[in-house]
Amino acid sequence: MKKNEEYIVDIIDNGYEGEGIAKIDNFTIFIPGAIKGEKVKVVIVKVTSSFAYGKILEILEKSVNRVADVDCSTYKRCGGCNLRHINYSKTLELKKNTVQNLVNKTLKNKVEVKDTIGMENPFNYRNKAQYPVGTDKQGNPVIGVFANRTHEVIEIKECMIQNKQSEKIAKYICDFAKENNISVYNEEIRKGLLRHIVVKVGVKTNEIMCILVLNGREINNEEKLVKELTGKFPNIKTIVKNINMQNTNVILGKENINIYGDGYIYDKLGDYTFKISPLSFYQINPIQTEKLYNLALEKIELTGKEILFDLYCGIGTIGIFMANKAKEVYGIEIVEQAIEDAKENCKINNITNAKYYAGDTEKLLSDLIEKQNIIPDIVVVDPPR
């Protein structure tokens with residue numbers, strides 16, 4: 001098999017990122033945008049020793065699960081979504097199958113993965129948006145998303161999964177940058193000021209945090225920006241400059257400078273209020289988070305006598321959500337700011353039976369069990385990928 005060769009193939013499965021899978025003489029080809037059951041004409045765009053990538057030239061036989069009109073103009077180039085060409089109920093099935101295949105690879109005693117619990121309205125649900133800032137062909141600042149597998153910024157018109165307020169705020173800042181000669185970061189030459197615009201929204205409280213990620217410290221007309229931004233979007237409670245002058249793919253640097261408000265917003269999950277800082281992790285989809293936490297509570301069946309470990313705990317949302325039904329909660333998280341927020345969140349919610357530790361989960365877990373003889377009855381984990 002060689003690059004630029006064309007084939008007609010049957011799609012026999014979908015991979016974990018939704019890509020179609022075909023085989024020619026038992027050689028695997030991954031084809032983005034193809035759906036199991038389809039027959040497609042493809043051109044080979046990359047060949048390795050063990051697999052190849054193909055690009056669809058023509059769909060000869062369509063799946064009944066293919067969406068007639070994809071609802072996003074930049075979907076084919078954007079790296080943000082993989083499954084918008086497939087109807088929603090089918091994507092839930094694909095996600096279930098992905099998890100099923102992963103657990104069955106490693107478990108001797110096989111388990112049956114339950115159906116994925118979907119959303120009633122799977123649109124505009126994300127409470128955090130991270131927009132890279134680039135330039136168009138005329139050199140004007142644009143916000144968007146990185147093109148799939150590249151760092152080319154694709155300008156977005158309307159994103160169907162981001163909070164609508166986030167998009168409006170980011171576009172306003174982008175226009176302000178253009179009008180006030182605020183330079184845009186160019187990662188090839190590592191010059192320019194504005195790298196990313198990050199917007200966090202408290203969906204239940206309507207509080208908004210705006211983070212300007214900078215390759216420097218000073219912004220032209222900073223006071224004017226704050227005045228205009230807060231006047232146009234009164235739900236903005238805080239604006240933060242995040243300093244990131246490293247040559248890195250990591251979006252946020254470690255230093256934050258508050259230029260409006262106190263650097264925090266609040267949101268609610270169930271009956272609990274949580275304080276959110278620029279660097280702390282908070283679940284992206286709060287609607288599904290409540291469903292997830294309530295389901296975990298239901299399955300765990302706490303009686304009030306249990307010691308519960310909340311590992312990779314972030315700002316403490318899971319442990320605090322369960323603390324009133326447990327004897328003691330111990331949370332571990334490597335991000336120190338998140339642990340400070342977790343402790344603060346305990347105070348806010350009058351939780352007195354939870355303790356939080358900053359550090360590497362693998363090391364601190366051993367310390368709690370072996371040195372302090374704290375033995376958990378329940379362990380809840382939400383680890384990083």
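Among 232-244, 28-40, 92-104, what's the highest-first ranking by average C-beta atoms within 10 angstrom per residue?
Put in order of decreasing packing, that is 28-40, 232-244, 92-104.
Among GLN162, GLN246, GLN372, the residue with the largest mean-square fluctuation in a Gaussian network model of the chain, with springs joining Cα atoms closer than 10 Å, is GLN372.
Out of the DSSP beta bridges found with both residues in the stretch 104-254, what percent are antiparallel (nearest 5)? Here the antiparallel bridges make up roughly 70 percent for the stretch 104-254.
Pairs over the 28 Å Cα-Cα cut-off, from the set LYS39/LYS76; LYS157/LYS224; LYS76/LYS241; LYS3/LYS36: LYS76/LYS241.
If contacts are Cα pairs under 8 angstrom and at least 6 residues apart, what is the relative contact order of the chain in percent? 8 percent.
Per-residue Karplus couplings for the stretch 253-259, computed as 6.51 cos²θ - 1.76 cosθ + 1.60 with θ equal to phi - 60°, are listed in order as x, 8, 9, 10, 10, 6, 10 Hz, Gly and Pro entered as x. Here the chain carries DSSP beta bridges of which approximately 65% are antiparallel, counting only pairs with both residues inside. Centre-to-centre, using Cα atoms only, the stretch 98-117 and the stretch 182-231 are separated by 42 Å.
In summary, the aspartates and glutamates within cross-link reach of LYS105, defined as a Cα separation below 18 angstrom excluding same-chain residues under 8 places away, comprise ASP13, GLU17. Most tightly packed first, judged by the mean number of other beta-carbon atoms within 10 Å of their residues, the peptides 12-25, 314-327 read 314-327, 12-25.
Bridgeable lysines around LYS2 (alpha carbons under 20 Å apart, same-chain partners fewer than 8 residues away excluded): LYS23, LYS41, LYS46, LYS55. Here the accessible area is traced with a 1.4 Å probe on the protein chains. For the chain, carbon and sulfur cover 48 percent of it. Going through (1) 0.97; (2) 1.10; (3) 1.00, the figure that equals Rg/Rh (Cα atoms, Kirkwood Rh) as computed for the structure here is (3).
The values are calculated or read from the model by the stated rules, or taken from the named source; none is laboratory data. Predicted, not measured: the structure shown is a model, and the values here were computed from it. Here Cβ is always computed from backbone atoms with ideal geometry, including for glycine, and neighbour counts include all displayed protein chains. With ligands, DNA and RNA removed, areas are computed over all heavy atoms of the protein, side chains included. Shrake-Rupley method; radii C 1.70, N 1.55, O 1.52, S 1.80 Å.
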